[in-house]
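Readers should treat all values here as calculations from the given coordinates under stated rules, not as data from a laboratory. Fair warning: this is a prediction, and the values are worked out from it, not measured in the lab. Positions of Cβ are generated from backbone atoms using ideal geometry, with glycine treated the same way; all protein chains shown enter the neighbour counts.
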Amino acid sequence: MDVNRLKHRYEGWKLQEIENNPLTAEDKAMFEMFDREGWDDERRRAYILTDIEARMKESLAAE
């Protein structure tokens, strides 16, 4: 585990809380999975963008 990546992750989580937009347990588990499985930054980014797109489509379909 890259100590700097871990430090930045927790700092980011704290900033999200300060902005009143904390990560869910599901979100945190996703980032932990990325580290556990050794995903590179590009793969992480692609996964997150795909997830956002899917959530947006679900939200629009529900309206």
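Observations, loosely collected:
- Dipole-positive endmost among 3, 59, 23 within the chain (Cβ charges, Cα centre): 3
- Shape parameters for the chain, alpha-carbon atoms, Rg then Dmax in Å: 13.4, 43
- Length gained when the stretch residue 56-residue 19 is fully extended (0.36 nm per residue, less Cα-Cα span): 11.1 nm
- The magnitude of the dipole of the chain, with charges of +1 and -1 set on the Cβ of Lys/Arg and Asp/Glu and taken from the Cα centre, is near 140 debye.
- With θ taken as phi - 60° and the Karplus curve 6.51 cos²θ - 1.76 cosθ + 1.60 applied, the whole-hertz 3J(HN,Hα) list for region 12-29 is x, 4, 5, 4, 4, 5, 4, 7, 6, 9, x, 6, 7, 4, 5, 4, 4, 4 Hz, x standing for glycine and proline.
- Restricting region 24-54 to GluC sites (Glu not before Pro) that sit in a DSSP loop and have at most 10 other Cβ atoms within 10 Å of their own Cβ leaves nothing.
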